[in-house]
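These notes are about the structure you will find just below.
The values are calculated or read from the model by the stated rules, or taken from the named source; none is laboratory data. Predicted model, so just to flag it, every value in this text is computed and none were measured. Here the Cβ positions follow ideal geometry from the backbone for every residue, glycine too, while neighbour counts run over all protein chains shown.
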Amino acid sequence: MEWTFIERGFTAALIIGLIAPLVGAVLAVRRSSIISESLSHVTLTGISAGVLLSQTVNMVSINPLYTGFVFALAGSLIIEKLRQTYSHFQELASPIILSAGVGVSAVLMSISPSGYGEWYDYLFGSIVSVTKEDLIFISVTAGVILLIFSLYSKEIKSVSFDQEFARVSGISTSHINFIFSLLVALVISMSMKVVGVLLVGALISLPVASAMQFAKSFKQLLGWSVLFGEFAVLIGVYTSYHFNIATGGMIVVILAVIMLAAVVLRKNSMLYRLLNR
Amino acid sequence: MSTQENGVIQIENVSFRYGTQNVLEKVNLTIEQGSFLGLAGPNGSGKSTLIKIILGFETPDMGRVTLFHVPVSKFKNWEKIGYVSQKANSFNTGFPATVYEVVSMGLYGKIGLFRFLNKKHKKKIDETLQLVGMREFKHRSIGELSGGQQQRVFIARALVSEPEVLILDEPTVGVDTQSVQQFYHLMSHLNREKKITLLLVTHDIGAMTKYVTHVACLNKRLHFHGSSHDFEESELSSLYGHDVTMITHEHDHGGA
């Protein structure tokens, strides 16, 4: 049975609504959510390279998501390295990587025969353009992320909370930081088709920002983040389909509304206590 | 070598410099099994650097450190070492974690990869929380607690893996006076009843001398190391008095 483009897009969005907030929660507690922004732009460079390769080199047909992933992973490792090296200027790594990424990909796309058309799809995401191959890539990537995440959850938690202590307790922090870089690269590259470069950061950071208002434990933070992520994806896809609005944008708008509501609810202590009883 | 047989931590001829500034000069110090050593020194005396070297975060320019007779770089039995850091430096106060979650982190290295907490571990976490008097706060968020309470949770996190040595770096900073007393009673108990070797780093020498078995004074070089009974006030004033004048002098821009 062949799926319709709507079914493919919707499934892809639901998978991303689960995975992005999960990894986003860890990024947030590591105070490095901004990394997702720079990495998504490096991923765009990889995507541009993939598009250009497919168009200019005969016999080569690469799904740009693959080259996007390779660039995301490289960018992720470089940033992690810079963060350790310049521990007092951790925020410096992100803008460098971000602007370099956009610059190179703009150059690549201007060489490309098809121009900026395909590029645009990856900027804001295009749920209707999710192919069968894309969906397989997204599903396999999600499976790998979930597996790694559950196997390393306690180490990732400890390193994120207190890296020094984690090291003394016998955890190889460099190993865990590498694993986590891999996770971030995977999650960004799998999200490109649906929410795009400019909006993936929202799906990674906004659900967590909302969850922070309620979560008392790390477990709760993960739970609330995923709940908000999936809720926004569901409503976003539904409304964008019915009112013919850009899906990625709609999802982000809903996430922002949820966040505002969370901040208001949190401040109202009676409601807050009721919810947390 | 016979005097060093019981040395669980041995610091041999360790020197360390940041750039051109000497931080530690030829420090020799042996921490014997079962002792409670208070390592004191003014700010900037190299205490924290020494701890970082002991834990392998920094490599000395000269000399070496062994833990249980194994050089730090090759040391693997980290569950034998418990560590309580200066809270403010390493702990992310916004991190949503319960007291229970924080203490369980102390077991992660011991449990190993791809394994998870079992009933025995959970019981151990409860017992350790009981020991530090924080059991009723088990489900509270770490960020909601007072400085003294947070400190007890971090001690529990270090103790839960049943270490043989506990290293504490300025644990009483930002903790109220009553909690400081409770803290020292807990340390005495751990040392006497649980036979845990303690290394306590502090700039507050007055409070600790009542409780420790040994004292070491550091100011780049080791000025005194011995039993706390032999430790005299004159050592203290020679170590601190000198430094206090220096600081005053700097503030007065040579006017004094």
Item checked: Complete set of residues in the stretch B:122-159 that are away from every other protein chain (no Cβ under 13 Å), outside any loop (DSSP other than H, G, I, E, B) and among the hydroxyl-bearing types (Ser, Thr, Tyr) -> B:128
Check: Looking at the stretch A:83-94, is at least one residue crowded, with 22+ Cβ neighbours inside 10 Å, under 20 Å from the mean Cα position of the chain (by Cα) and at pLDDT below 85?
Finding: yes
Checklist line | Residue tally, condition among the hydroxyl-bearing types (Ser, Thr, Tyr) and over 23 Å from residue B:170 (Cα atoms), over the stretch B:58-88 | finding: 1
Margin query: Return the pair list, or none, for Cβ contacts closer than 9 Å from residues in the stretch A:213-226 that are touching a residue at least 12 places away in the same chain (Cβ under 8 Å) and more than 8 Å from chain B (Cβ to nearest Cβ) to residues that are among the aromatic types (Phe, Trp, Tyr) and part of a helix (DSSP H, G or I), at least 6 apart or on different chains.
Written below: A:213/A:224; A:213/A:272; A:214/A:224; A:214/A:272
Margin query: Could you check the stretch A:35-76 and list, in sequence order, the residues that are among the β-branched types (Val, Ile, Thr) and either touching a residue at least 40 places away in the same chain (Cβ under 8 Å) or crowded, with 24+ Cβ neighbours inside 10 Å (or both)?
Written below: A:35, A:42, A:43, A:45, A:47, A:51, A:56
Margin query: List the residue pairs whose Cβ atoms are under 9 Å apart, where the first residue sits in the stretch B:50-79 and is more than 14 Å from every other protein chain (Cβ to nearest Cβ) and among the hydroxyl-bearing types (Ser, Thr, Tyr), the second is assigned to a loop (DSSP other than H, G, I, E, B) and surrounded by 13 or more Cβ atoms within 10 Å (Cβ to Cβ), and the two are 6 or more positions apart or on different chains.
Written below: B:66/B:75
Notebook entry, point to check: Is it true that residue A:53 is in a helix (DSSP H, G or I) and touching a Pro at 6+ places or on another chain (Cβ under 9 Å)?
Noted result: yes
Checklist line | Hits in the stretch B:138-152 (condition: over 15 Å from the mean Cα position of the chain (by Cα) and under 19 Å from residue B:185 (Cβ atoms)) | finding: B:146, B:147, B:148, B:149, B:150
Note to self: Go through the stretch B:172-183 and report how many residues are in a loop (DSSP other than H, G, I, E, B) and either out of contact with any Lys or Arg (no Cβ under 8 Å at 6 or more places or on another chain) or without any contact (Cβ under 8 Å) to a residue 24 or more places away in the chain (or both).
What the structure shows: 3
Margin query: Being of a type in the set (Gly, Ala, Ser), within 14 Å of another protein chain (Cβ to nearest Cβ) and in contact (Cβ under 8 Å) with a residue 24 or more places away in the chain narrows it down to one residue among A:172, A:150, A:160; which is it?
Written below: A:160
Next item on the list: Have a look at B:119, B:123, B:76, B:138 and point out the one that is among the basic types (Lys, Arg) and closer than 22 Å to residue A:175 by Cβ.
Entry: B:76
Note to self: As an exercise: evaluate residue B:108 against (1) within 19 Å of residue A:162 (Cβ to Cβ); (2) within 11 Å of another protein chain (Cβ to nearest Cβ); (3) in a loop (DSSP other than H, G, I, E, B) and give the number of the one condition it does not meet.
What the structure shows: (3)
